[in-house]
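The values are calculated or read from the model by the stated rules, or taken from the named source; none is laboratory data. This one's a predicted model, so the numbers in the text were calculated from it and none came from an experiment. Backbone-built Cβ (ideal geometry, glycine too); neighbour counts: all protein chains shown. Accessible surface is based on the protein model in full, side chains and every heavy atom, while ligands, DNA and RNA are left aside. Shrake-Rupley method; radii C 1.70, N 1.55, O 1.52, S 1.80 Å.
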Amino acid sequence: MRCHKCGSSESKVIESRDAADAIRRRRECLECNHRFSTYERIEKMNLAVVKRSGSRELFDRDKLKRAIYQSVGKFLDGEMETDSVVSAVEEVLYALGENEVPSNQIGELVLNELLKRNEVAYIRFSSVFYEFKTIDEYANILRKLKK
């Protein structure tokens, strides 16, 4: 790591902490004693999402987070819980080791996470994911939940 104050490449790590999706390191330059932070992130492979239409796009964590928030809104305990759902889904997706994943598989993973957390959120996301058109479709999902 180069010190942005003097340009020296000699520094020592003072402290390391886990940050969201990264490791934060506090460093001190051995030349000028300037302290600075660096963040190390694990580089993940590109993951393509195969849409229902057959088109492909890169997996976008923020897009998934927005979709979950739009469909379940207040039924999760804020942005932190939504982020937790996305992280759990993302972890499973990357653990698969595949370059491409169908969008319906992502939806099923989201549903599994929501079912663990909030039944109403599960039903709301189901209605969007499965594109419910009738009240009977809601009734079917409720019966399934009661079993």
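Before moving on, here are some points about what is shown:
- Solvent-accessible area per residue in the chain equals 68 Å², computed with a 1.4 angstrom probe and all protein chains kept.
- Excluding same-chain neighbours fewer than eight residues apart, the aspartates and glutamates reachable from LYS12 by a Cα-Cα span under 16 Å are GLU28, GLU31, GLU40.
- Straight-line reach from LYS63: taking Cα to Cα under 21 Å and skipping same-chain neighbours fewer than 8 places apart, the lysines in range are LYS44, LYS51, LYS74.
- Candidate values [x] 0.92; [y] 1.01; [z] 1.16, label of the one derived for Rg/Rh (Cα atoms, Kirkwood Rh): [z]
- Max mean-square fluctuation residue, GNM over the chain, Cα-Cα springs under 10 Å, options LEU115, LEU96, LEU30: LEU30
- Solvent-accessible area, 1.4 Å probe, carbon plus sulfur percent, for the chain: 48 percent
- Inter-centroid distance (Cα atoms) of region 1-41 relative to region 66-82, Å: 35 Å
- Cut-off 15 Å between beta-carbons: net charge of the residues surrounding LEU76, Lys and Arg +1, Asp and Glu -1: 0
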